[in-house]
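Read through the structure below, which is laid out as structure tokens, and then see the notes.
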Amino acid sequence: MTESTSKGTSETADQSESAAVMAAPAIEAPLAILAELTHRCSFQCPYCSNPLEMEKKEKELDTKTWCRVIDEAVEMGMHQIHFSGGEPTLRDDLEQLVEHATQAGLYCNLITASSPRLDEDRLRRLGELGLEHVQLSFDDVEAENANRIGGAKGGHERKLLTAAWVKACGLPLTVNAVMHRQNIHHIKEMIDMAVELGAARLEVAQVQYYGWALKNRAAFIPTPAQLDKTTKIVEEARERLKGKLVIDYVIPDYYAKRPKVCMGGWGRRFVNISPSGLALPCHAAETIPELEFDSVKDHSLAWIWENSPAFQRFRGTDWMPDPCRSCDRKEIDWGGCRCQAYALTGDAANTDPACELSPFHEKIFGMAEKEAEEEAPEFIYRRFGVTFNTPH
Amino acid sequence: MTDRVLISGDTVPKLPSHVKLRFNKQRDQWVVLAPERLLVPDETSLVILQRLDGEACVSTIAGELAEKYAAPAEVIEKDIIELLQGLADKGFIVS
């Protein structure tokens, strides 16, 4: 049995099948589509992976176009759809999209931070229409700190309610714990909370530094000592909770020896559609200025997957410089993260500096470690969307 | 939170409602779909997974497959338990 992750954020090395029976065009279809329905959100998380320039509501794709994109994804052989954002539950047509995707044969996952538009009735309806799984993010176990981080008054309380509703509707719950230096001391309590909330899965995700998170890196990056302590606690909990709670653990790749397998390889496993319809090889791809993206408004998904220059640019191994080119791991990690290579070295075609073979690795590691030791600066908040106390 | 599912001969295993064994027409391939995971069963695993109906216990299934494939039931039962315990620990099998 081979196992793949259907979202690009996990560390799991992808050794999926290559059951290409056909001889000719060899670009295998992606496994999953990430549908970023909107950039609007009730929260203002300073670690958000959305681009700094967000797309306005008026530019969002309409229901009909999303349905066409879903049909095209199925036609290509994709398995799963992740409804994400921004906050996907701020779209009034989420029900229609879940129903359409389910009937077309996709496995539907909702990635939410909670919102004023998500309550028990709506969750139950979504479950009836075919939603299979809910992934809910948390910022801390203490409301005050959580709401300071998420920048939303009453946000933590709403998340707790939402978790209870998810369970009441019989939907499986994954708790997504976004960890960094401002909450990492509560990792043990976060694990306990996931158990208490009845989650079957916990994703302990250290902040990854692009988009808003890179802007706020000094406020987030933990020290290597904090990270080691966290890793020990997670490993102990994994053993103790075996068969009860599955824990996925993503370390900040600044402190890794090898880069993460970003998106399972560029243009290889996933396609991300932005709220306005741009097809991106990953949700942060717009941070790379040299890339131009095609829209699902102008082309079919299959055409984009095979022909869009943005997807071709870093697909496979031909683009790689050394040390990647001669590395025996080049078809394991696919050179790591292109967005991070651009953000930290100024050239998206460089080896991801998270790799210790990168000539930039030492310098960047030193810089981040220094930031981690200094006092944390104030957050720069991502403000875009409705708040919990604002009528809409 | 539920207790760990321990698979033995008496266990009646099944896929939880949110884990789907599906045939992908476009790829001509069976897959197990779970939250953020995708499993591609090999031929043996597929035969076992297809037999899970929430009624038959592991020993019954092992007996049937032993007959069908002319192999010792104890060996098959051991293989089934190993496969299903691994899946149960990831939340892909319940009893």
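What the table shows:
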item	result
Residue with peak Gaussian network fluctuation, chain A [Cα springs, cutoff 10 Å], from A:Gly346, A:Gly151, A:Gly267	A:Gly346
Among A:321-328, B:58-65, A:132-139, the order from most to least packed when residues are scored by Cβ within 10 Å on average	A:132-139, B:58-65, A:321-328
A:Arg240 paired with A:Lys153, simple spin-label distance in nm, labels 7 Å along Cα-to-beta-carbon	3.7
The stretch B:56-73-the stretch A:26-81 distance, computed between alpha-carbon centres (Å)	45
Of A:Lys232/A:Lys257; B:Lys14/B:Lys78; A:Lys229/A:Lys257; A:Lys188/B:Lys20, those spanning more than 21 Å from alpha-carbon to alpha-carbon	A:Lys188/B:Lys20
A:Met179 long-range amide H proximity, modeled H, under 5 Å	A:Ala205, A:Gln206, A:Val207
Relative contact order %, chain A, counting alpha carbon pairs below 8 Å whose residues are six or more apart	21
Packing-based order for A:198-206, B:75-83, using average beta carbon neighbours within 10 Å, highest first	A:198-206, B:75-83
DSSP bridge orientation in the protein assembly as shown - percent antiparallel, rounded to nearest 5	30
Under 16 Å from A:Lys64, Cα to Cα: aspartates and glutamates that are on another chain or at least 8 residues apart	A:Glu36, A:Glu72, A:Asp92, A:Asp93, A:Glu95, A:Glu99, A:Asp298
Contour minus Cα-Cα distance for A:Lys297 and A:Lys188 (0.36 nm per residue)	34.6 nm
Two-site FRET efficiency, A:Glu196 against A:Glu128, from Cβ-Cβ distance with R₀ of 22 Å, rounded to 0.05	0.25
Efficiency of FRET from Cβ geometry, B:Gln26 and B:Glu67, R₀ 51 Å, rounded to 0.05	0.90
Rounded Å value of the spacing that divides the Cα centres of the stretch A:310-359 and the stretch A:153-185	34
Under the Karplus curve 6.51 cos²θ - 1.76 cosθ + 1.60, θ = phi - 60°, whole-Hz ³J(HN,Hα) for the stretch A:291-302, x wherever Gly or Pro sits	8, 10, 10, 9, 9, 5, 6, 9, 9, 6, 4, 5
Gain in span if fully extended, A:Ala225 to A:Glu356, counting 0.36 nm per residue against the direct Cα distance	45.3 nm
FRET efficiency, 1/(1 + (r/R0)^6) with R0 45 Å, evaluated for B:Gln50 and A:Glu373 via beta carbons	0.20
Residue among A:Asn145, A:Asn109, A:Asn272 with the largest mean-square fluctuation in a Gaussian network model of chain A, springs linking Cα atoms under 10 Å	A:Asn145
Peptide-level mean, for A:168-176, of C-beta atoms on other protein chains within 10 Å	2
The stretch A:222-234 - phi-based ³J(HN,Hα) in whole Hz, Karplus 6.51/-1.76/1.60, Gly and Pro as x	x, 7, x, 5, 4, 5, 4, 4, 4, 4, 4, 5, 5
Given charges at beta-carbon only (K, R positive; D, E negative), |dipole| of the stretch B:20-89 in Debye	420
Most fluctuating residue given options B:Arg27, B:Arg51, B:Arg37, as computed from a GNM of chain B linking Cα atoms under 10 Å	B:Arg27
Residue-span extension gain [B:Asp42 to B:Ser8] - 0.36 nm each, minus C-alpha spacing	10.1 nm
Selection from A:Asn145, A:Pro172, A:Asn109, by position along the positive dipole direction of the stretch A:105-179 (Cβ)	A:Asn109
Hydrodynamic radius (Kirkwood) for the stretch A:69-157, which is based on Cα pairs only, to one decimal in Å	14.0
Set of lysines with alpha-carbon distance to B:Lys25 below 22 Å, sequence-local pairs under 8 removed	A:Lys7
Inter-chain Cβ neighbour average for residues B:25-34, partner chain, 10 Å	6
Positive-end extreme of charge dipole, the stretch A:282-392 - chosen from A:Leu301, A:Ile364, A:Gly346 (charges on Cβ)	A:Leu301
Inter-chain Cβ neighbour average for residues A:39-47, partner chain, 10 Å	0
For the stretch A:245-339, size of Cβ-based charge dipole, Lys and Arg +1, Asp and Glu -1, in debye	280
Flagged links, alpha-carbon separation over 28 Å, of A:Lys370/B:Lys90; A:Lys57/A:Lys260; A:Lys153/A:Lys215; A:Lys363/B:Lys90	A:Lys370/B:Lys90; A:Lys57/A:Lys260; A:Lys363/B:Lys90
Cα centre as origin, Lys/Arg/Asp/Glu Cβ charges: the stretch A:82-180 dipole, Debye	80
Karplus-derived 3J(HN,Hα), 6.51/-1.76/1.60, for each residue of the stretch A:61-77, Hz, glycine and proline x	4, 8, 4, 4, 5, 4, 4, 5, 4, 4, 4, 5, 5, 5, 4, 6, x
Length-normalised contact order for the stretch B:20-89 - Cα pairs under 8 Å, 6+ apart - percent	18
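Any read-out appearing in this document is the output of simple, stated calculations on the displayed coordinates, not a laboratory observation. On a predicted model such as this, the values are computed, not experimentally measured, just so you know. Glycine also receives a Cβ, built like all others from the backbone with ideal geometry; neighbour counts cover every protein chain displayed.
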